[in-house]
Amino acid sequence: MMEEAPPPRRGRGQALIDVSREDLDLYAVEELEERVGLLQAEIERTRSQIERKRSGRAAADALFKR
């Protein structure tokens, strides 16, 4: 028996693209407010990651005195 091939992996950021294309007319106000909260949490998570990367880069630059 042959195994089925796994589905192709989605590209980076594809989920965000998919979310941005959703028809918001289908959502109730409460659902939209929840969506905004989730998106704000994701923005904060992303900003935290940017800061971690900048800190790591600054430490590496200091170590190698760029």
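The values are calculated or read from the model by the stated rules, or taken from the named source; none is laboratory data. The shown structure was predicted, so the numbers you read here are calculated from the model rather than taken from an experiment. Cβ placement follows ideal geometry from the backbone for every residue including glycine, while neighbour counts extend to all protein chains displayed.
A few points about this structure:
- Pairs where the first residue, in the range 39-61, is closer than 21 Å to D18 by Cβ and acidic (D, E) and the second is at pLDDT 85 or above and surrounded by 10 or more Cβ atoms within 10 Å (Cβ to Cβ), C-beta under 9 Å, 6+ apart: E42/L16
Residue by residue, here is whether (1) surrounded by 10 or more Cβ atoms within 10 Å (Cβ to Cβ); (2) at pLDDT below 95 holds:
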residue: V19; (1), (2): yes, yes
residue: L24; (1), (2): no, no
residue: Y27; (1), (2): yes, no
residue: E30; (1), (2): no, no
residue: E33; (1), (2): yes, no
residue: Q40; (1), (2): yes, no
residue: R54; (1), (2): yes, yes
residue: A58; (1), (2): yes, yes
residue: D61; (1), (2): yes, yes
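- The residues in the range 7-18 that are outside any loop (DSSP other than H, G, I, E, B) and within 11 Å of the chain's Cα centre (by Cα) can be counted, and the count is 4.
- The listed residues are E33, E4, and the only one of them that is assigned to a helix (DSSP H, G or I) and of a type in the set (D, E) turns out to be E33.
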